[in-house]
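Working notes, beginning with the structure itself.
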Amino acid sequence: MTRAPAVILLALALAACGQRDAGSSVGRSHYPSGQVKSEATVKNNVADGPAVMFYEDGKKMSEATYRAGVLDGPAVSYYANGNKKGQATYKNGVLHGPSTEWTEAGAVKNAVVFEDGRLVSEPAK
């Protein structure tokens, strides 16, 4: 694994920033049904703080923290059944620390460690 499963969370920030509530620091996007699809704290029109994406049934799909539009902190994605799918930590937009993927049943599928974006630990064979 050379990238974290949560890398796709960047799309969350872009989608969430596309629609702002007047006078609010929270950006939201919605499914055609009206259900909230994503929600992110925005500052100066970029994600800055927690960001969450939801499945159409309202269950959490992913969550991450952004600073000035860049991933910075933990990022977690979930299967529709609520089990963790992936978890990674970012520092200034690059992977830094453990990155783990799980099967839908909850077993560890892959676990590696990054340091400043470099893979420093491969999964045990």
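Read-outs throughout are calculated quantities, based only on the coordinates presented, and are distinct from any laboratory measurement. Bear in mind the structure is a predicted one, so any value in this text is a computation, not a measurement. Here Cβ is always computed from backbone atoms with ideal geometry, including for glycine, and neighbour counts include all displayed protein chains.
Could you order the peptides 104-111, 58-65 from most to least packed, using the average number of other C-beta atoms within 10 Å per residue?
On the way: 104-111: 12.1, 58-65: 17.5.
So the order, starting with the most tightly packed, is 58-65, 104-111.
A simple spin-label model places pseudo-atoms 7 Å from Cα toward Cβ; at residue 60 and residue 33 they are separated by 2.0 nm. Rounded to the nearest whole Hz, the Karplus-based 3J(HN,Hα) values (6.51 cos²θ - 1.76 cosθ + 1.60, θ = phi - 60°) of the stretch 91-107 follow the sequence 10, 6, x, 10, 4, 8, x, x, 9, 10, 10, 10, 6, 4, 7, x, 7, with x at glycine and proline. Taking other C-beta atoms within 10 angstrom as a stand-in for reagent exposure, 119, 95 fall in the order 119, 95, fewest first. Under the simplified labelling scheme, the residue 68-residue 25 pair shows an inter-label distance of 1.7 nm, with each label point 7 Å from Cα along Cα→Cβ. The label point for residue 45 and the one for residue 118, both projected 7 Å from the Cα toward the Cβ, are 3.8 nm apart. Give the distance, in whole Å, between the Cα centre of the stretch 82-121 and the Cα centre of the stretch 31-59. The distance from the Cα centre of the stretch 82-121 to that of the stretch 31-59 comes to 22 Å.
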